[in-house]
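Q: Submitted below is the structure of interest, expressed as structure tokens.
Just so it is clear, none of the values below were taken in a lab; they were calculated from the coordinates. It should be emphasised that the depicted structure is a prediction, and the values quoted were computed from it without experimental measurement. Here the Cβ is made from the backbone with ideal geometry for all residues, glycine too, and neighbour counts use every protein chain on show.
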Amino acid sequence: MARVAALCVSLVILLAPVTGCFSDSEGISRIPSGDLQVNPSPLVGALLQEVHFTASSSMSVHVPYLVREDGSEFFTNGTTLVFDAPGSLTIEMIAPSNIGSAYFILGGTEGFQDSGMMYIRDSNQSWSELFETDDFMQGPYSWLELPVVRENRSGFSVEEGSLHGTGIIDGLSAFEWLESFADPDSGYNERWGPFTLNDPNYMRAAEYVQGYLSGMGWDAEIHRYWISDFSYAVNVCGYKTGTVFPNEWLVLGAHLDVAEPGSPPGGGTRIGAHDNGAGVALVLEAARGLIQFDHRRTVAVCLWSNEENGYDGVDRWIDNIPQGVTITNYLNSDAVGTNWPGYYTLVVDCIPNNEDELGDQWEMIRMLEWVGTQNNDISAALQLGREIFHEEGYASMKDVDSSDQKRQTISVHDSDRGRSDYERFADQLGVVSVDWGSLTGGSDCYHGNCDTLDTMIDMMVTDNGTGRQNLVESFDLVSWWIFSAAMVLDETPIHDG
């Protein structure tokens, strides 16, 4: 008999790392990987697909990916298949988007426990790194590696981003959206604030985004809030009602406005491709994936106004949250894209930080690192990023251009320095909030007229990739990261403390 035991990996991450708990391996009989057959092979990366497991002996198989729950429309962050005898099972899972292998862990039918503890890899460690450790090699578990191949987008070269152009969501689509939106002749530029009675460029952009969200299937609205007798804030939000906990809302957001003339340090910008057209593009791309599935909790996707002038947009939205509704988590994207795999740090900031010392949000940090390494070969970048954050600090990654060092880093951390709309959710509501961002204060184009897509492309040139190729890969990484984090948080929100 075969059965599926759902396992929420994010709850187990708090136990990581549990190294050393398998050192006593005498008498342990590991399941031969040849006793399990998995089809199709290869899996297709970045897509939801049926996967068939056939066991020729009794075993448990841990599947550490987003899996549709048996008999449900919802997803769970990993599941365990239990074969009490030879047999077969079929599940639906989303194969990794940017790693050439999927890994399945094999153990006895009693499950993946030893001395009452669940074994799990460290969150910023890759599966292949884990398998090479003495603790795993001497332990009771084996693994099966299955190739994963992501289809290339036809009509594009590698240098143009074809490697990251297919799937549920993809970085090339996000790049193409920003390319159109940030075009100097698009009519969507000069989105300044605070706004007077008539700001045609901003309203044109807001109406375009509303139509884009509606076309995906979101219940999209434009919210206008008066700030004074002569100015107002305008947000664009799309909503998808949860079917289990409709009054619990998971919110994704990015600010739609750009720095107006006179804004320091660069004097203001017309286009604002990096700050924050890219953030908008990546949230919209994640939303394109999320709308395809049902969720336990209501998901709201909001593009805020007036971030550059005091957070009026997000503040007014928070003031008008419907009675009885609680916000579970907030995911933000601001000034992101010119980062890994380029020579700038991708900064993933988790707040609030309530103590003098860092470490309040380790549950969120570990979940995010886990999700990131599931889809991308970034364990080395995460490990280096953690080291740089603790040795050099947050400012060294956001306010100092260290690209001449050619270090490829990602830092997931908590800090005292929220500088975007996510700060308001943390400060006003006590909601654990996350921001994906990269170099700002250390860039000559921060709040400057040279904040264009061409500048972003130039910044992303590396020794082994074109600027566009790397920027598309960056967009793919971040949009998949936001999408996957939202899927996990829909199952199990992460609360402060």
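Q: Starting with the highest mean, order 362-375, 155-168 by the number of other Cβ atoms within 10 Å, averaged over the residues of each peptide. Could the numbers behind the result be given before it?
A: Numbers: 362-375: 24.1, 155-168: 18.8.
The most tightly packed comes first, giving 362-375, 155-168.
Q: Turning to a different aspect of this structure: Per residue of the range 343-353, in order, report the coupling 6.51 cos²θ - 1.76 cosθ + 1.60 (Karplus, θ = phi - 60°) as ³J(HN,Hα) in whole Hz, putting x for Gly and Pro.
A: 9, 10, 7, 7, 9, 10, 9, 10, 9, x, 10
Q: Sticking with the crude label model, points 7 Å out along Cα→Cβ, report the distance from HIS52 to GLN428 in nm, one decimal please.
A: 5.3 nm
Q: I need the shape label for the range 376-458. Rule: rounded when a/c is under 1.5, else prolate if a/b > b/c, else oblate, with a, b, c from the alpha carbon gyration tensor.
A: oblate
Q: What ranking do 143-151, 272-280 get when scored by the average of other Cβ atoms within 10 Å per residue, highest first?
A: 272-280, 143-151
Q: In nm, what is the difference between 0.36 nm times the number of residues separating ASP444 and ASP416 and their Cα-Cα distance?
A: Numbers: separation 28, 0.36 × 28 = 10.08 nm, distance 2.46 nm.
Roughly 7.6 nm would be gained on extension.
Q: Taking the mean number of other Cβ atoms within 10 Å as a proxy for protection, how do you rank 94-101, 339-346, 316-323, 391-398 from highest to lowest? Could the numbers behind the result be given before it?
A: On the way: 94-101: 21.5, 339-346: 26.1, 316-323: 13.4, 391-398: 16.6.
So the order, starting with the most tightly packed, is 339-346, 94-101, 391-398, 316-323.
Q: Shifting gears a bit: Between rounded, prolate and oblate, where does the range 299-371 land on the alpha carbon gyration tensor, with a ≥ b ≥ c its root eigenvalues, rounded for a/c under 1.5, else prolate if a/b exceeds b/c? Please report the intermediate quantities before stating the final value.
A: Numbers: a/c = 1.89, a/b = 1.33, b/c = 1.42.
Oblate, since a/c reaches 1.5 and b/c is not below a/b.
Q: Here is a further query. What FRET efficiency do you get for SER33 and VAL149 if R0 is 25 Å and r is their Cβ-Cβ distance, rounded to the nearest 0.05? It would help to have the intermediate numbers written out before the result.
A: Details: r = 20 Å, r/R0 = 0.81.
For R0 = 25 Å, the calculated efficiency reads 0.80.
Q: Another question about this same structure. Near the amide H of GLY442, under 5 Å away, which other amide H atoms are found, from residues 5 or more places off or on another chain, if H is placed in the peptide plane?
A: Here the answer is ASP399, VAL400, since their amide H atoms fall under 5 Å of that of GLY442.
Q: Same structure again: If I model a spin label at LYS406 and ASP294 as a point 7 Å from the Cα along the Cα→Cβ vector, what separation in nanometres do I get?
A: 5.2 nm
Q: Please report the antiparallel percentage of the DSSP beta bridges confined to the chain, to the nearest 5. Write out the running numbers ahead of the final one.
A: Values: 57 of 83 bridges.
The antiparallel proportion sits near 70 percent.
Q: What is the distance in Å between the Cα centres of the range 157-216 and the range 36-50?
A: Cα centres, the range 157-216 to the range 36-50: 33 Å.
Q: How many angstrom separate the Cα center of the range 306-345 from the Cα center of the range 357-402?
A: 19 Å
Q: Moving on to the next point. Arrange CYS445, CYS302 by Cβ neighbour counts within 10 Å, fewest through most, would you? Present the calculation step by step, with values, prior to reporting the outcome.
A: On the way: CYS445 22, CYS302 25.
Least crowded to most crowded, the residues run CYS445, CYS302.
Q: Sort the range 158-491 into rounded, prolate or oblate with this rule: let a ≥ b ≥ c be the square roots of the eigenvalues of the Cα gyration tensor; rounded if a/c is under 1.5, and if a/c is not under 1.5, prolate when a/b is larger than b/c, oblate otherwise.
A: Working: a/c = 1.31, a/b = 1.13, b/c = 1.16.
Verdict is rounded for the range 158-491.
Q: Could you calculate the contour length gain from GLU207 to ASP183, that is, 0.36 nm times the residue separation minus the distance between their Cα atoms, to one decimal place in nm? Kindly include the intermediate steps, with their values, before the conclusion.
A: Details: separation 24, 0.36 × 24 = 8.64 nm, distance 1.70 nm.
Gain on stretching GLU207 to ASP183: 6.9 nm.
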